[in-house]
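Notes to accompany the following structure.
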Amino acid sequence: FTEVTNRLAPGASLSRTVQLTLPADVFAGEVHIAVTTDIRDEVLEDREDNNRAVSQTTMRIPRRLTLDIPLAEIREDAQPPTFQAIVSRSGDRSVPLTVTLVNGDPSEIQIPNSVEIPAGAGEARFTVRVLQDGILDGPQTVTVTAQAPGFDPASDSIVVLDTDVPRLWLTVSTN
């Protein structure tokens, strides 16, 4: 809802452009946008029938997934080594949805291959486990992708901080 408070002279007009962000997790599909002005009937007008307009063209709002990994980074030796991430969907929630999870680096984190968002629900949680890989490899960015048929996919990343230390092995021989 956008409130306009400009005063107009009799016979004058005012044009407004407003950008709206539609919630991504509420609905999806083919829609028409309706705009209503003077919803409180506060403006004295000769004509009240021109205060509502509906778009002529249909706008397609895609079904999409959203993936939230709540941490920006985690150490390989984190205690506890697990945390919860969330995958959510837009659109129809009347049926369950199986979401495939793709792990960009299985040597750094472990996630399930898929997660099911139950019927009636907009989201599901899944466990992410950080792994100690035993390799001195520095910080590693791992991208996780969520995908399901008919939905725009989603990705999120986490940086796994290396806790391995360099080791020096020395062998002494006697001559």
Quiz item: How about segment 87-126: which of its residues are within 19 Å of the chain's Cα centre (by Cα) and among the acidic types (Asp, Glu)?
Solution: Asp92, Glu116, Glu123
Quiz prompt | Residue under evaluation Gln140, criteria (1) within 18 Å of Leu65 (Cβ to Cβ); (2) open to solvent by less than 60 Å² (accessible area, probe 1.4 Å); (3) without any contact (Cβ under 8 Å) to a residue 60 or more places away in the chain, criterion not met | solution = (1)
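Step by step: first the residues of segment 116-133, then only those that are open to solvent by less than 20 Å² (accessible area, probe 1.4 Å) and at pLDDT 95 or above, then the one that is nearest to Arg60 (Cα to Cα). Which residue is that?
Ile117
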Practice problem: Consider only pairs whose beta carbons are under 6 Å apart and that are at least six residues apart or on different chains; among these, list those whose first residue lies in segment 13-30 and is modelled with pLDDT of 75 or more and whose second residue is among the basic types (Lys, Arg). | Solution: Ala28/Arg63; Glu30/Arg60
Practice problem: Residues being among the basic types (Lys, Arg) and part of a loop (DSSP other than H, G, I, E, B): count how many of those fall in segment 39-89. | Solution: 3
Self-check item: Selected residue (only one of Ala9, Ala72, Ala53, Ala78 is modelled with pLDDT of 80 or more, over 30 Å from Ile158 (Cβ atoms) and open to solvent by less than 90 Å² (accessible area, probe 1.4 Å))
Solution: Ala53
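The values are calculated or read from the model by the stated rules, or taken from the named source; none is laboratory data. Remember, predicted model here, so these are calculated numbers, not experimental data. Backbone-built Cβ (ideal geometry, glycine too); neighbour counts: all protein chains shown. To get the accessible areas, we keep the full protein, side chains included, count just its heavy atoms, and leave off ligands, DNA and RNA. Shrake-Rupley method; radii C 1.70, N 1.55, O 1.52, S 1.80 Å.
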